[in-house]
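*Asks:* The structure that follows is given in the form of structure tokens.
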Amino acid sequence: MRNSDAGQVHCRVAVPADMAACAAILNRWIDATPWMPRVHPEDDVERHYRESVFESGPVIVADCRGEIAGFLALSGGGHVTALYLDERYRGLGIGAALIREAKRRAETGLELWTFENNRDAQRFYEREGFVPVRRTDGDNEEGLPDILYRWRADPLREREA
Ligand SMILES: CC(C)(COP(=O)(O)OP(=O)(O)OC[C@H]1O[C@@H](n2cnc3c(N)ncnc32)[C@H](O)[C@@H]1OP(=O)(O)O)[C@@H](O)C(=O)NCCC(=O)NCCS
């Protein structure tokens, strides 16, 4: 993926057929991340994405000429439950485009959890205007310390239709 190809990516709402690709991106990230334990087998992750993540959506996908480059999953109340790009699509501004799309849909703001180990993601979220508001010692399935980040919408902003 070259920088110039990033313009070929467009963000759209996911359909059920996209969920296998989203689960595969997450599964690849888990396997490639040394500090990340695998707590669910790959098939269970895919079923969870089809049955639960899609249902509580919307899920926004970054579509690059028909290939899913990455996705952002939202659930009620402006909670971002997942944001993952496949490795070759990182560092090109696609994550920022997905966050922009989530902000556009947010009523009052967005919240998300990230692992303390994930320093690259923290730098990204802070650059996108998120601030850390809470930390845990590992109160999650993985048992890893994590951080709650929040972004507050400007109540006076104009929202696109
Ligand atoms: C974190 C992530 C969503 C950011 O999206 P992105 O499209 O790569 O980010 P952008 O191009 O919009 O912005 C680049 C910034 O992202 C961050 N970043 C995180 N991981 C990165 C990577 N592997 N390559 C490049 N930038 C990365 C950096 O802060 C970078 O800023 P810098 O240029 O100052 O170093 C994406 O890199 C990703 O999917 N990473 C792996 C999965 C992950 O950690 N998800 C977050 C779970 S909470």
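*Asks:* Counting pairs of alpha carbon atoms under 8 Å apart in space and at least six apart in sequence, what relative contact order in percent does region 66-161 give?
*Replies:* 24 percent.
*Asks:* What is the distance in Å between the Cα centroid of region 116-161 and that of region 41-56?
*Replies:* Using only Cα atoms, the two centres lie 23 Å from each other.
*Asks:* What 222 nm value per residue comes from the helices of the chain, counting each DSSP H run with n ≥ 4 as -39,500 (n - 2.57) and dividing by all residues, nearest 500 deg cm²/dmol? Can you show the working numbers first?
*Replies:* On the way: 4 runs with 42 residues, N = 161.
Helix-only estimate at 222 nm: -8000 deg cm²/dmol.
*Asks:* Scan region 80-143 for GluC sites (Glu not before Pro) in coil per DSSP, keeping those whose Cβ has at most 12 other Cβ atoms within 10 Å, and list them by number.
*Replies:* Here the sparse-neighbourhood loop sites are 107, 141.
*Asks:* Can you run phi through the Karplus equation (6.51, -1.76, 1.60; θ = phi - 60°) for region 55-71 and list ³J(HN,Hα) in whole Hz, with x for Gly and Pro?
*Replies:* 5, 8, x, x, 9, 9, 10, 9, 9, 10, 6, x, 9, 7, 7, x, 7
*Asks:* Let me ask another. Among 136, 114, 108, which comes first, second and so on when ranked by fewest other beta-carbon atoms within 10 Å?
*Replies:* Listing 136, 114, 108 from fewest to most nearby Cβ atoms yields 108, 136, 114.
*Asks:* Arranged by the count of other C-beta atoms within 10 angstrom, fewest first, what order do 68, 99, 30 take?
*Replies:* Ranked by crowding around the Cβ, least crowded first: 30, 68, 99.
*Asks:* Same structure, new question: Take every Cα pair under 8 Å in region 1-82 that's 6+ residues apart, average their separations, divide by the length, and report that relative contact order as a whole percent.
*Replies:* 33
Coordinate-derived values only; no laboratory data. Just so you know, these numbers come straight off a predicted model, no measurement behind them. Cβ atoms come from the backbone with ideal geometry, glycine included; neighbour counts cover every protein chain shown.
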